[in-house]
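Structure record follows, encoded as structure tokens.
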Amino acid sequence: MASLFEPLTLPRGPAMKNRFLLAPMTNQQARDDGTLTDDELNWLRMRAEGDFSLVMTCCSHVHPRGQGFPGELGVYGDALLPGLERLANTLRSAGAVSSVQLYHGGIRSIMPDRMGPSAAPEDRARAMTIAEVRATIDDFVAAAQRAERAGFDGVELHGAHGYLISAFLSGTYNRRDDDYGGTPANRRRFLLEIVDGIRRNCGADFQIGIRVSPERFGQDVGETRDLAQQLIDEGKIDYLDISLWDVFKDPVDPKYQGRSLMSYFTDLQLKGVRLGFAGKIITHADATRCLEAGSDFVVIGRAAIAHHDLPRQFSSNPGFVPQAFPVSAEYLRAEGLGESFITYLATWPDMVTNYFVPPEIPRFDVEEFFKTGRSVKLATG
């Protein structure tokens with residue numbers, strides 16, 4: 001087994017200096033038009049300086065209509081390039097590999113005229129036309145080119161948690177009867193054409209990662225595993241980021257129970273593609289256990305909020321115990337979070353102590369998230 005602090009090469013682009021990646025976390029710190037702010041830059045810069053080997057942005061919308069959260073970073077137009085360039089240069093100077101997570105909210109978008117692979121009346125969303133499907137593929141490709149021009153080492157495609165790519169992959173949300181629906185092969189076409197377009201239009205060393213979630217949100221473990229193997233076999237991606245919510249859990253679906261959810265992916269034939277997992281990895285022992293199970297890297301979220309320098313802390317003391325939540329707003333400010341991010345975290349249960357959140361700001365609803373893919377319940381009427 002490799003050490004957590006051993007460098008990790010990828011098929012393309014720069015190597016990671018260790019096995020700790022910063023998760024792409026919603027932080028609501030961008031301006032209304034998606035441009036970078038000093039708060040968002042500072043949050044990511046501190047994680048790069050704290051020795052996270054790959055620092056990824058929050059989900060960043062490839063079209064204005066695809067915005068899924070307030071204050072979400074954008075990558076949909078050239079007017080956003082100055083901020084993106086500033087961020088890429090900062091992360092490189094701090095010693096991190098950098099990536100933009102490319103995203104479209106689909107039926108979970110907060111913008112008017114929601115759309116997805118099929119109509120979703122419960123989300124007030126309509127079905128995309130074939131022209132809109134193809135235009136959105138082009139939006140993802142153009143956003144990747146923009147990220148490359150800005151100086152990022154690569155992009156990650158957000159194919160998890162019920163958002164647009166995930167919805168296309170789902171037999172529940174995708175009920176199309178054209179080339180982009182029906183069979184698993186057709187439901188994968190949207191994602192695969194995005195990957196093909198990025199490969200054709202970006203440099204030979206530009207990295208492509210893909211995040212998928214193998215269950216809930218209309219996903220099937222076996223189909224997700226087959227998709228992962230196809231992506232590997234086609235040789236066009238560099239890493240897989242598997243979002244499990246809890247890396248040590250068993251599958252929810254009874255037909256896949258009897259072995260860990262992670263094990264359905266650690267026995268893939270990787271052929272040089274790197275594999276990592278996200279979900280409640282808190283301690284050095286948790287991360288080590290993932291590598292022992294067959295992971296190449298770990299993707300850290302909550303513990304990276306608590307400690308901008310978590311890899312460095314573990315390097316000097318494997319027994320280091322990360323700060324448990326909830327924590328104070330003062331603590332989070334010292335760890336580089338801006339006020340918008342702190343307010344967002346305070347809408348989650350048991351994250352921030354003694355912090356006033358205006359009543360008009362919706363609270364994050366974990367039960368609703370797992371049930372429908374929405375982070376809040378839609379108002380009736």
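Data overview
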quantity	calculated
Cβ-Cβ under 8 Å pairs, at least 6 apart or on other chains, segment 22-36 side at negative phi and in contact (Cβ under 8 Å) with a residue 40 or more places away in the chain, far side surrounded by fewer than 21 Cβ atoms within 10 Å (Cβ to Cβ) and among the aromatic types (Phe, Trp, Tyr)	Thr26/Phe69
Selection count where residues are part of a strand (DSSP E or B) and of a type in the set (Gly, Ala, Ser), scope segment 231-254	1
Test: Asp267 is surrounded by fewer than 17 Cβ atoms within 10 Å (Cβ to Cβ), touching a Gly at 6+ places or on another chain (Cβ under 8 Å) and of a type outside the set (Lys, Arg)	yes
Pair list, Cβ under 9 Å, 6 or more apart: segment 181-209 residue within 13 Å of Gly235 (Cα to Cα) and modelled with pLDDT of 95 or more, other residue among the hydroxyl-bearing types (Ser, Thr, Tyr) and not in a loop (DSSP other than H, G, I, E, B)	Gln207/Ser99; Gln207/Tyr239; Ile208/Tyr239; Gly209/Ser99; Gly209/Tyr239
Residue check, Asp246 of a type in the set (D, E, K, R), under 17 Å from the mean Cα position of the chain (by Cα) and over 26 Å from Met128 (Cα atoms)	yes
Selection status of Gly272, assigned to a loop (DSSP other than H, G, I, E, B) and more than 30 Å from Glu330 (Cβ to Cβ)	yes
Given (1) touching an Asp or Glu at 6+ places or on another chain (Cβ under 9 Å); (2) closer than 23 Å to Arg216 by Cα; (3) surrounded by 17 or more Cβ atoms within 10 Å (Cβ to Cβ); (4) among the aromatic types (Phe, Trp, Tyr), number of the condition Phe248 does not satisfy	(3)
Close pairs from segment 87-99: first on the phi > 0 side of the Ramachandran plot, partner not aliphatic (A, V, I, L, M), Cβ under 8 Å, at least 6 apart	Gly95/Lys17; Gly95/Glu49; Gly95/Asp51
Residue ranges of helices (runs of 4 or more DSSP H) in segment 300-370 with at least 1 members polar (S, T, N, Q) and either within 25 Å of Gly162 (Cβ to Cβ) or at pLDDT below 95 (or both)	339-346
Selection count where residues are touching a strand residue (DSSP E or B) at 6+ places or on another chain (Cβ under 8 Å), surrounded by fewer than 22 Cβ atoms within 10 Å (Cβ to Cβ) and of a type in the set (S, T, N, Q), scope segment 27-72	1
Of all residues making up segment 100-112, the number that are at pLDDT 95 or above and either of a type in the set (D, E, K, R) or closer than 16 Å to Val212 by Cβ (or both)	5
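The values are calculated or read from the model by the stated rules, or taken from the named source; none is laboratory data. All values derive from a computational prediction rather than experimental measurement. Backbone-built Cβ (ideal geometry, glycine too); neighbour counts: all protein chains shown.
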